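Notes follow the structure.
The values are calculated or read from the model by the stated rules, or taken from the named source; none is laboratory data. For clarity, every value in this text was computed on a predicted model and none was experimentally measured. Methodologically, a virtual Cβ is constructed for each residue, glycine included, from the backbone with ideal geometry; neighbour enumeration extends over all protein chains shown.
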Amino acid sequence: MTIRQAFFVALMSCATAAGAAQAQTYPTKTVTLIVPASPGGVIDTMARMLAQNLSTAWKSQVIVENKPGATNQIAAEYVARAAPDGYTLFLSPEATFVVNPYLFSKLPYDPEKDFTPITGLISIRQALVAHPSVPANTIKELIELAKKKPGELNYGTFGVGSSGHLNMEMFAKTTGTKLTAVHYKGAAPAFTDVVAGHIQLVFVATGSAAQSAAAGKVKFIAIGSPKRFPRLPNVEAINETVPGFEAVSWFALFGPAGMPRPVVDNIRNEVVRILNDPQVRETFLERRFFDPTPTTPEELAAYIKSEAKKWSQLVRDAGIKIK
């Protein structure tokens, strides 16, 4: 071994030891959990549940800071520029990493180089919901209706490039149908207009539509998970009629690039413990129809790559672009 090689090994050993020591004492100050959305939504609710449980476990304050706007870019840039010490974390939906790079010609962050993947958090099965006046009750009937009336069926989105938009574009592509998008600034106004009958269809989180569906204000056509949802056994999965189709949103936890692995493992282990806690699963996740999806950092990184390949192809094929 040369002197240079020996120096490098010693340097790496010191870095590893320092990271391990940091992990043993972490956290020693307030941890900030950055959320790219306004208070009150799904992602904010998830973040506040995590913050409360992490604060209790660590006996140190974890706070949520909302940084909405610019399709998650404001929050993402903030985290990308933060110190990689574990005290600034990012609870992000999939769009930040697998959609934005293909929608926008330029981003203020690099989704591959500027972040440390920590763990997956939850997935949410999306439901294809219709106003009761729509003369279709199954995916097969909806496809037949759409083919008889190309472009006449409209659907709400949460904005150009949102999950509600891309899921419907994927549905149209795989079924050979043509549907008309009506863009809104969020899921709530889009869903409200389906209830009111102003628009006909929307892809929305299953739990968000369950109460209105039970009251007869809307109807489930199908859900986007690979299999039927046990809590809604009479609602078909789109996959039954359109093999391979999936409409599932997911959320994961990240930090800035360069975080010490022992600190990453410390955070991940505690988050996984929370997600597996029976009380959390019963009182928080199951009531909202959320599925816990903890992963290793490597599994999360690999999943992001596979999702990016899927959605980048759709964005290109559909010609969706935001300058």
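Which of the residues spanning region 185-201 are surrounded by 17 or more Cβ atoms within 10 Å (Cβ to Cβ) and more than 20 Å from the chain's Cα centre (by Cα)?
ASP193, VAL194, VAL195, ILE199, GLN200, LEU201
For region 202-247, name all the residues that are within 18 Å of the chain's Cα centre (by Cα), farther than 27 Å from GLY40 by Cβ and in contact (Cβ under 8 Å) with a residue 24 or more places away in the chain.
PHE245
Could you say whether any residue in region 292-302 is farther than 23 Å from VAL79 by Cβ and among the charged types (D, E, K, R)?
no
Just give me the residues in region 50-68 being out of contact with any strand residue (DSSP E or B) (no Cβ under 9 Å at 6 or more places or on another chain) and either buried (at least 17 other Cβ atoms within 10 Å of the Cβ) or touching a residue at least 12 places away in the same chain (Cβ under 8 Å) (or both), in sequence order.
Answer for region 50-68, where residues must be out of contact with any strand residue (DSSP E or B) (no Cβ under 9 Å at 6 or more places or on another chain) and either buried (at least 17 other Cβ atoms within 10 Å of the Cβ) or touching a residue at least 12 places away in the same chain (Cβ under 8 Å) (or both): just ALA57.
Give the number of residues within region 19-56 that are farther than 24 Å from PRO292 by Cβ and in a helix (DSSP H, G or I).
6
Residue by residue through region 271-296, note down the ones that are among the polar types (S, T, N, Q) and either out of contact with any Lys or Arg (no Cβ under 8 Å at 6 or more places or on another chain) or in a helix (DSSP H, G or I) (or both). Quick ask: steps written out before the conclusion?
Filtering region 271-296 for residues among the polar types (S, T, N, Q) gives 276, 279, 283, 293, 295-296.
Correct list: ASN276, GLN279, THR283, THR293, THR295.
What residue, of THR157, THR206, is closer than 21 Å to ILE122 by Cβ and crowded, with 21+ Cβ neighbours inside 10 Å? First the steps, then the outcome.
On the way: THR157 fails: closer than 21 Å to ILE122 by Cβ.
Just one listed residue meets the conditions, THR206.
Among all residue pairs at least 6 apart or on different chains, which show Cβ distances below 6 Å where the first residue, located in region 184-195, is closer than 16 Å to GLY207 by Cβ and the second is among the charged types (D, E, K, R) and surrounded by fewer than 22 Cβ atoms within 10 Å (Cβ to Cβ)?
From region 184-195, the pairs are VAL195/LYS217.
Looking only at region 57-88, which residues are of a type in the set (Asp, Glu) and part of a helix (DSSP H, G or I)?
Filtering region 57-88 down to residues of a type in the set (Asp, Glu) leaves 65, 77, 85.
GLU77, the sole residue that qualifies.
Select from region 81-94 the residues that are crowded, with 23+ Cβ neighbours inside 10 Å and among the aliphatic types (A, V, I, L, M) and write down the one among them that is farthest from TYR184 (Cα to Cα).
Per the stated criteria, the residue is LEU89.
Out of all the residues in region 99-117, which are under 21 Å from ASP44 (Cβ atoms) and either assigned to a helix (DSSP H, G or I) or not assigned by TED's automatic domain parsing to the domain that holds LEU54 (or both)?
The one that is under 21 Å from ASP44 (Cβ atoms) and either assigned to a helix (DSSP H, G or I) or not assigned by TED's automatic domain parsing to the domain that holds LEU54 (or both): ASN100.
Quick one: which of ASN66, ASN72 is among the polar types (S, T, N, Q), in contact with an Asp or Glu (Cβ under 7 Å, 6 or more places away or on another chain) and not assigned by TED's automatic domain parsing to the domain that holds ILE221? Give the steps one after another, and end with the answer.
Working: ASN72 fails: in contact with an Asp or Glu (Cβ under 7 Å, 6 or more places away or on another chain).
Only one candidate passes the filter, namely ASN66.
Say whether the condition of being in a loop (DSSP other than H, G, I, E, B), without any contact (Cβ under 8 Å) to a residue 24 or more places away in the chain and not β-branched (Val, Ile, Thr) is met by at least one residue in region 90-97.
Just the residues of region 90-97 that are in a loop (DSSP other than H, G, I, E, B), to begin with: 94.
With the extra rule that they be without any contact (Cβ under 8 Å) to a residue 24 or more places away in the chain, the set shrinks to none.
Looking for residues that are in a loop (DSSP other than H, G, I, E, B), without any contact (Cβ under 8 Å) to a residue 24 or more places away in the chain and not β-branched (Val, Ile, Thr), one finds none in region 90-97, hence no.
Please name all residue pairs, on different chains or six or more residues apart, with Cβ atoms under 8 Å, provided the first residue is in region 170-181 and is touching a residue at least 24 places away in the same chain (Cβ under 8 Å) and farther than 22 Å from SER249 by Cβ and the second residue is of a type in the set (Asp, Glu) and in a loop (DSSP other than H, G, I, E, B).
Listed by first residue and then by second, the contacts come to THR180/GLU152.
Given the structure, is GLU299 surrounded by fewer than 21 Cβ atoms within 10 Å (Cβ to Cβ), in contact with a helix residue (DSSP H, G or I) (Cβ under 8 Å, 6 or more places away or on another chain) and not in a strand (DSSP E or B)? Show your work before the answer.
Working: surrounded by fewer than 21 Cβ atoms within 10 Å (Cβ to Cβ): yes; in contact with a helix residue (DSSP H, G or I) (Cβ under 8 Å, 6 or more places away or on another chain): no; not in a strand (DSSP E or B): yes.
Judged against the criteria, GLU299 is not a match.
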